[in-house]
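Asks: Let me begin by handing over the structure; questions about it come next.
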Amino acid sequence: MNKILLCIIVCCFILFNLGSVQADEVDRKVLIIYSSHSNDLNQIKILETLIGHFSTKVTVLSQNEINSFSNLQDYSYLIYFGLSKQKISSELTMFVEEFKGNVMAIGENINYFPRFSFVHVKDEVIIKSISVKVKKISKELPEERIINLITANNPSIKVLLEGTTNNNEKVPLLVSSYRTYYFASKSLYNPIGLFLGESLFNFFQETAIPLNLKYIRLEDIHPKTDPENLKKFAEYLYSKNIPYMVAVIPVYTEGSEIIQLSEKPRLVKVLKYMQDHGGSIILHGYKHQYRDSETGEGFEFWDVENDRPILQKKNEKPMFEKDFNSLLEFNNYIQEKKAFEKKYIEKAVEQGVQELVAHKLYPLAFEAPHYAMSKEGYKIIANHFSTYIGQVQISNTTWRTIYAPLYKSQPKFLKGMVLLPETIGFAKEEDPNAIIKMEEKAEFYSLFSNAYISGFYHPYLGLKDFKKLITFLEDIPNTKWLDLKSISNSVSVKGITIMTENNKIIVEKDLISSDYEKNLLLIQVMKWIAIFIIAVVICSSIINDRKKRVKITVSTTK
């Protein structure tokens, strides 16, 4: 009887795991088609970021491109985004009508699609809060949002999300009927995007894992960081058996002052201790500044003064469209300067990794200073890092469009990088309620599916408030601390490859992989030579001194 029972358990285990593998290997190909009179596609980037949790095979087309695009039938999910009101072609109407998989429409123009006849857009309405119909999750909006006011005329319709008006009336925000969904807002900026993200589990027919991940990041660690204070954080987290991340900037600079890690051996020793006792190193830029601001304050990969990508040397006069005789000349200038941006970012990333590795510090992921970076920048970073930490810039024209979903994502514009989002913010020095605000966000986000409860802290603020935050995060139910070493990461620059496997860091590198390492070794060799010479001189001095004492003794005896 026991053998039979054992066989049943084993069979169930195998079937369960096979089912899990099959679920993981679902080939989700997602097609996004949008209509817009504007070149502002920030909302599409947010949608890509939300979908990136469920699929890495995403194609984005404007409605004018579908006639020239083949293999439309290869997709299993379709999302139409009406960013502006405009006429829809009969070809697109027919394609949406005949699509066999799940379809979602967002925003405008659904009156062109018979498939959405169960929904009628009456007008617009202002909502002040949003909630998930089937879960106890609701949120007051930071500002009022306008959505389409819809009525539904089909008894099979399910209301998945709803808003509350200023008159406290409940209005549908996301509805579905069989395999067809309609979302009544054109704005996906958070918190609305977070709620749509929660509903995508339903759209993609995915069961959420009943365990959320959390991480804490020690931010802006540079050569001027106090190593004794940093060691206290490391020892505290190690005593709690909590894995964590350390965002390191290899070079400190302010004005003419430049300090490298080679000048701070005590700090390097502490960072090695952290790496060996639960910490994972992240490359947080190279200098964390572009012009002459202090490291940690400036933007490194975005020209914040002109709010555009890095297109010239820091002291070089910036050029704009008004400075050229024609748009063609200006566009040629921009293309030429993109080569400068590429070289600038490549050099910073390469030097950053090389200098850390020279000290046996191995970065596993990348975080852009202030999360600011162009789409070309992401493409460059993706050539070197598989993992990106924090938030992402969704616009290529301003840095003021930072976004993050609540869950891990692999959006198309990150070119293969996996985004591990930062969600609960950080402790602001000037805000006495900063920790409370982080805790409130953590508690709220823990209600969502597959959420990351993640933030960062500057060690110079002291350990007291940090302990309060960690104690709170520890007590959140159904959560687990993320150890960056436990997941797959890869980093590669000239002469160096870093990977993680089975909680181990695997490094392959040239014997001497950079000029920095060569100079560092030379300094160490010179130091040992100097020590040797000093030792020889001291020994010689002692021997000579003893000889003198012996001669004096003999002479005295006579």
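Asks: Looking at region 329-343, can you tell me whether even one residue there is assigned by TED's automatic domain parsing to the domain that holds M417 and in a loop (DSSP other than H, G, I, E, B)?
Replies: The answer is no, given that none of the residues of region 329-343 is assigned by TED's automatic domain parsing to the domain that holds M417 and in a loop (DSSP other than H, G, I, E, B).
Asks: A further question follows. Pick out the one residue from N229, N306 that is surrounded by fewer than 17 Cβ atoms within 10 Å (Cβ to Cβ), over 18 Å from D483 (Cα atoms) and modelled with pLDDT of 95 or more.
Replies: The match here is N229.
Asks: Being more than 23 Å from G377 (Cβ to Cβ), more than 18 Å from the chain's Cα centre (by Cα) and in a loop (DSSP other than H, G, I, E, B) narrows it down to one residue among K437, K428; which is it?
Replies: K428 is the lone residue from the list that is more than 23 Å from G377 (Cβ to Cβ), more than 18 Å from the chain's Cα centre (by Cα) and in a loop (DSSP other than H, G, I, E, B).
Asks: Hey, among L521, L473, which residue is in the same structural domain as D220 (by TED's automatic domain parsing) and outside any strand (DSSP E or B)?
Replies: L473
Asks: Going residue by residue through region 357-368, is there one that turns out to be part of a helix (DSSP H, G or I) and at pLDDT 95 or above?
Replies: yes
Asks: If you don't mind, another one. Go through region 263-277 and count every residue that is touching a residue at least 60 places away in the same chain (Cβ under 8 Å) and surrounded by fewer than 19 Cβ atoms within 10 Å (Cβ to Cβ).
Replies: Summing the residues that are touching a residue at least 60 places away in the same chain (Cβ under 8 Å) and surrounded by fewer than 19 Cβ atoms within 10 Å (Cβ to Cβ) in region 263-277 gives 1.
Asks: How many residues does region 412-425 contain that are surrounded by fewer than 20 Cβ atoms within 10 Å (Cβ to Cβ) and part of a loop (DSSP other than H, G, I, E, B)?
Replies: Residues that pass the stated criteria total 2.
Asks: Among (1) crowded, with 21+ Cβ neighbours inside 10 Å; (2) more than 29 Å from L196 (Cβ to Cβ), where does E429 come up short?
Replies: Exception for E429: condition (1).
Asks: With respect to T253, is the statement that it is within 26 Å of S293 (Cβ to Cβ), of a type in the set (S, T, Y) and either touching a Cys at 6+ places or on another chain (Cβ under 7 Å) or in contact (Cβ under 8 Å) with a residue 60 or more places away in the chain (or both) true?
Replies: no
Asks: Could you please give the count of residues in region 93-128 that are under 35 Å from the mean Cα position of the chain (by Cα), closer than 16 Å to I33 by Cα and of a type in the set (A, V, I, L, M)?
Replies: Qualifying residue count for the region: 6.
Asks: Can you tell me which residue in region 75-133 is farthest from L200 (Cα to Cα), limited to those that are among the aromatic types (F, W, Y) and assigned to a helix (DSSP H, G or I)?
Replies: Per the criteria, the residue is Y112.
Asks: Residues to consider are E219, E198; find the one that is in contact (Cβ under 8 Å) with a residue 60 or more places away in the chain, acidic (D, E) and not assigned by TED's automatic domain parsing to the domain that holds W399.
Replies: Step by step, each of E219, E198 is checked, and only E198 is in contact (Cβ under 8 Å) with a residue 60 or more places away in the chain, acidic (D, E) and not assigned by TED's automatic domain parsing to the domain that holds W399.
Asks: Which of the following residues is under 30 Å from S395 (Cβ atoms), in contact (Cβ under 8 Å) with a residue 12 or more places away in the chain and among the basic types (K, R): K231, K240, K186, K224?
Replies: Sole residue among the options that is under 30 Å from S395 (Cβ atoms), in contact (Cβ under 8 Å) with a residue 12 or more places away in the chain and among the basic types (K, R): K186.
Asks: One residue is enough: does region 540-558 have a residue meeting the conditions at pLDDT below 80 and not in a helix (DSSP H, G or I)?
Replies: Yes: one or more hits.
Asks: If you go through region 451-468, how many residues are crowded, with 21+ Cβ neighbours inside 10 Å and not hydrophobic (A, V, I, L, M, F, W, C)?
Replies: Count: 4.
Asks: Among the numbered conditions (1) in contact (Cβ under 8 Å) with a residue 40 or more places away in the chain; (2) under 29 Å from K468 (Cβ atoms); (3) under 27 Å from the mean Cα position of the chain (by Cα); (4) assigned by TED's automatic domain parsing to the domain that holds Q410, tell me where P191 comes up short.
Replies: It fails just one condition, (4).
Per-residue answers, yes or no, for (1) within 22 Å of the chain's Cα centre (by Cα); (2) modelled with pLDDT under 95; (3) more than 17 Å from A358 (Cα to Cα); (4) crowded, with 20+ Cβ neighbours inside 10 Å:
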| position | (1), (2), (3), (4) |
| --- | --- |
| K214 | yes, no, yes, yes |
| L261 | no, no, no, yes |
| I281 | yes, no, no, yes |
| E316 | no, yes, yes, no |
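Asks: Look through Q354, Q312 and report the one residue that is part of a helix (DSSP H, G or I), in contact with a strand residue (DSSP E or B) (Cβ under 9 Å, 6 or more places away or on another chain) and either surrounded by 15 or more Cβ atoms within 10 Å (Cβ to Cβ) or not hydroxyl-bearing (S, T, Y) (or both).
Replies: Q354
Asks: While we're on this one: For the structure I just gave you, tell me whether V21 is part of a helix (DSSP H, G or I), modelled with pLDDT under 95 and either surrounded by fewer than 20 Cβ atoms within 10 Å (Cβ to Cβ) or among the charged types (D, E, K, R) (or both).
Replies: Taking the combined requirement at face value, the residue satisfies it.
Asks: Taking E140 as the residue in question, decide whether it is over 21 Å from F54 (Cα atoms), touching a strand residue (DSSP E or B) at 6+ places or on another chain (Cβ under 9 Å) and charged (D, E, K, R).
Replies: Yes; evaluated as a whole, the condition is true for this residue.
Asks: Is there a residue being without any contact (Cβ under 8 Å) to a residue 40 or more places away in the chain and within 20 Å of the chain's Cα centre (by Cα) anywhere in region 488-505?
Replies: Yes, that holds for at least one residue.
Asks: State which residue pairs qualify: first residue under 13 Å from V246 (Cα atoms) and inside region 451-463, second residue among the aliphatic types (A, V, I, L, M) in any location, beta carbons under 6 Å apart, and separation of 6 or more residues or different chains.
Replies: Hits for this filter: G455/I424; G455/M438; Y457/A427; P459/L218; P459/L230.
Asks: What strands (runs of 3 or more DSSP E) completely inside region 206-267 contain at least 1 residues that are touching a Pro at 6+ places or on another chain (Cβ under 6 Å) and farther than 23 Å from E439 by Cα?
Replies: By residue number, 251-254, 257-260.
Asks: State all residues of region 117-132 that are over 22 Å from Q43 (Cα atoms) and touching a residue at least 12 places away in the same chain (Cβ under 8 Å); if no residue qualifies, say none.
Replies: Passing the criteria: F118, V119, H120, K122.
The values are calculated or read from the model by the stated rules, or taken from the named source; none is laboratory data. Values in this document were obtained by computation on a predicted structure and should not be read as measured data. Cβ: placed from backbone, ideal geometry, glycine included. Neighbour counts: every protein chain shown.
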